[in-house]
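The values are calculated or read from the model by the stated rules, or taken from the named source; none is laboratory data. Keep in mind that this is a model prediction, so the values were computed, not measured. Ideal geometry is used to build each Cβ from the backbone, glycine not excepted, and the neighbour counts take in all protein chains shown.
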Amino acid sequence: MADQCDLCLLGLIILSSLLTGTSGVNETHVFISSGENVRLSCNNALSDCKSTTWTYSNRSTHSTVELIKGGIKNKDTERLSLGSDCSLNIKNITEEDYGSYICQQWTGPEGQQQKQGNDTHVYLHVLHVSVSPSSSSSSPSSSSSQTEISPGRSVTLSCQLYSYTGSPCDYLVHSEGLQLLWVNQAGVDLKTDSRYQILFSSDHCIITLTTTLLNEDDNREWRCQLTLRNQLQTSVRYTVKYSVVPSTTASTLTPTSLVIVIVVASFAVLLPALILWMIRRKRDDNRRGTDDSEDHQTRPVYPTGQNTLLQQEQTDDHVTYSEVTAYSKNQEQKKKVRCDDKVTYASIRGAKAGSQENCSELYASVNKNHHKSVK
């Protein structure tokens, strides 16, 4: 029992030194999510950064790589750059970037360089989300902020903390209050919703979320967040993105909704036909009105001496003429009509003409041409 307490005490001392730093060594722990950019500070940097060296160590691969030497990059990659304050900048972090980063200052001529000041240790912890291969066409090791998946299928999201310290996750949970959670957009823990199955494994610091996707889950966001001592350190967002937007089928409609859909569809088909019928009917009414108007306004032309019987039947009518004009080819002056002239009228309503000697009194104005006929 005493040996177990001693081991626990030793573990606390080691973890405390890692998280808070020890004498002569500057230590920093940085928690970052995959896909983001990170800046690692060098606390012992000199003014021009020509003496700065950055090395990277990965415990899983047991390798050490010199990233920056004398202020110059050794690796030809756009993801790495040296800041003006000698900090190391890394773009688009992946889960493979977790590990220990050490900043040192070396001065003096080549081959005789001496280290200046204390080393700066930066421990980079990466939080990464992957999707199970059975629920997505994307690779499970790829970043999963957005993945094309289909509704109706079961999806499993795995959120894992990649840490260099090598301390067991359950030890970090109990001693440092490390906590991994799946929450929705409002920050509510998804463990409170029976729709989601949440499992946590302390062996590898991994928490999984399993659920069956619904149509309304398109563009829905879930978030895996990491806290230490109740302080949020980082989080990873996962957004559901369907390759094809799910459509509502007749089988999913209620009877009332189905009736409404049928009525609306029928109305949409009949409305154009009804409008076309009304337009045609309106045109026919206008055409009949025009024909009737012409029938009332147009009268047949009766030459002088013909249809005498019709004229006699209308002896009680009064005749009203506005003007009858005939033009000669030589545009001669208008002459007064005589009773023996032959005249053709555009419109005549019956009246008692009387004697031929007074026929000129029937007209307001009569003009004729040399051929004694009116065109």
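Within the stretch 57-69, the presence of at least one residue that is out of contact with any Cys (no Cβ under 9 Å at 6 or more places or on another chain), under 30 Å from CYS224 (Cα atoms), at pLDDT below 90 and surrounded by 13 or more Cβ atoms within 10 Å (Cβ to Cβ) is confirmed.
Every condition in (1) at pLDDT 95 or above; (2) in a loop (DSSP other than H, G, I, E, B); (3) within 30 Å of GLU110 (Cβ to Cβ) holds for ASP48 except the one numbered (1).
Here's the yes/no breakdown for (1) surrounded by 15 or more Cβ atoms within 10 Å (Cβ to Cβ); (2) farther than 20 Å from SER34 by Cα; (3) modelled with pLDDT of 95 or more; (4) out of contact with any Lys or Arg (no Cβ under 6 Å at 6 or more places or on another chain):
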| site | (1), (2), (3), (4) |
| --- | --- |
| LEU172 | yes, yes, no, yes |
| GLY177 | no, yes, no, no |
| LEU190 | yes, yes, yes, yes |
| TYR196 | yes, yes, yes, yes |
| LEU199 | no, yes, yes, yes |
| SER202 | yes, yes, no, yes |
| ASN215 | no, yes, no, yes |
| TRP222 | yes, no, yes, yes |
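Taken over the stretch 7-45, the residue count meeting the criterion of being on the phi > 0 side of the Ramachandran plot and modelled with pLDDT of 90 or more is 1. Within the stretch 104-159, being in contact with a helix residue (DSSP H, G or I) (Cβ under 7 Å, 6 or more places away or on another chain), part of a loop (DSSP other than H, G, I, E, B) and either among the charged types (D, E, K, R) or at pLDDT 75 or above (or both) holds for PRO151, ARG153.
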